[in-house]
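Shown next, in structure tokens, is the structure this report addresses.
Here, each number is a calculation from the coordinates, and none is a lab measurement. Just so it is clear, the model here is predicted, and its values are computed rather than measured. Every residue, glycine among them, receives a Cβ derived from its backbone with ideal geometry; neighbour counts consider all protein chains shown.
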Ligand SMILES: Nc1ncnc2c1ncn2[C@@H]1O[C@H](COP(=O)(O)OP(=O)(O)OP(=O)(O)O)[C@@H](O)[C@H]1O
Ligand SMILES: [Mg+2]
């Protein structure tokens with residue numbers, strides 16, 4: 001176990017908040033959300049690490065790479081989180097729940113959390129071991145969800161006529177299990193936030209039904225639903241140059257002139273950050289600084305096991 005990450009009774013020491021972007025449904029917006037939340041938190045003056053556990057696609061790793069490359073090309077400064085992804089050796093071993101590498105991975109995430117204010121973890125759109133592991137370490141779980149009953153189905157099955165909830169789906173059970181495990185092993189709670197993503201500008205009858213089913217399910221499963229993120233071409237264009245809606249559009253960061261849609265996207269992400277209820281005020285920053293000074297004085301700097309590759 002890495003120094004300083006856990007107490008003798010197996011509980012994690014007070015350290016940075018672990019934010020996991022998760023949803024077994026592919027393409028729901030996990031990577032896009034992870035990058036936006038990471039940059040928003042850096043913007044508000046916090047130290048942020050990102051971890052890519054989507055070992056097949058490594059999309060968050062590409063997003064961060066693209067950002068570095070674009071900043072170099074344009075000769076501008078773009079803040080970048082300390083980014084980690086799983087090394088190829090660990091990817092192969094991650095299927096074996098009992099492997100030493102998997103234990104090291106857990107410890108690695110814990111030591112990253114011990115030396116940053118926030119760790120943002122991106123997970124794959126599938127029920128993998130690494131994804132379940134991340135869910136069990138989350139303080140906040142953000143589940144973006146496309147505005148469709150196809151996506152809703154990952155959380156619960158509904159009656160096609162009455163829209164009554166018939167039963168929970170596999171992903172909801174994974175989260176409930178993670179919440180139980182965290183409460184049991186660390187006496188810590190999991191704040192689960194569902195974010196409706198790619199919402200259309202005009203609310204349709206279908207969307208209103210999703211909204212009402214989601215609110216009903218929120219009570220049953222214990223998650224919060226935030227105001228959503230709209231469908232905007234800008235979000236798709238950001239990836240290739242590694243930028244986000246939070247970046248300073250005036251400093252030639254975009255390939256095009258900023259539009260109203262860019263500004264609206266920024267508003268929506270700021271709204272999401274607010275809804276996450278993270279302690280971002282000055283007193284919290286001072287506490288975080290004190291914690292970092294304390295950690296630096298009693299332990300060595302972050303020593304990651306080989307399972308992580310840093311980029
Ligand atoms: N609000 C949005 N408006 C428009 N496009 C979006 C929005 N959010 C995400 N996208 C686009 O949708 C696609 C899927 O998003 P993203 O890669 O973030 O999802 P994901 O959940 O990480 O997918 P996967 O499960 O494959 O990892 C990407 O092309 C992304 O640019
Ligand atoms: Mg992804």
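A few remarks follow.
- As a proxy for reagent exposure, ranking 168, 63 by other Cβ atoms within 10 Å from fewest up yields 168, 63.
- Mean Cβ neighbour count within 10 Å, used as a protection proxy, ranking 217-225, 148-156 highest first: 148-156, 217-225
- Listing 207, 55 from fewest to most neighbouring C-beta atoms within 10 Å gives 207, 55.
- Cβ crowding within 10 Å, taken as a proxy for footprinting-reagent exposure, orders 173, 141 from fewest neighbours to most as 173, 141.
- Estimated from the Cβ-Cβ distance and a Förster radius of 25 angstrom, the FRET efficiency linking residue 260 and residue 218 is about 0.20.
- Applying 1/(1 + (r/R0)^6) with r as the Cβ-Cβ distance of residue 77 and residue 181 and R0 = 35 angstrom yields a FRET efficiency of 0.30.
- In plain terms, the chain from residue 236 to residue 127 could stretch by 36.7 nm, reckoned as 0.36 nm per residue minus the Cα-Cα distance.
- Peptides 65-73, 226-234 ordered by packing proxy, namely the average of other Cβ atoms within 10 Å per residue, highest first: 226-234, 65-73.
- FRET efficiency estimate (nearest 0.05) - Cβ-Cβ, residue 200 to residue 170, R0 25 angstrom: 0.35
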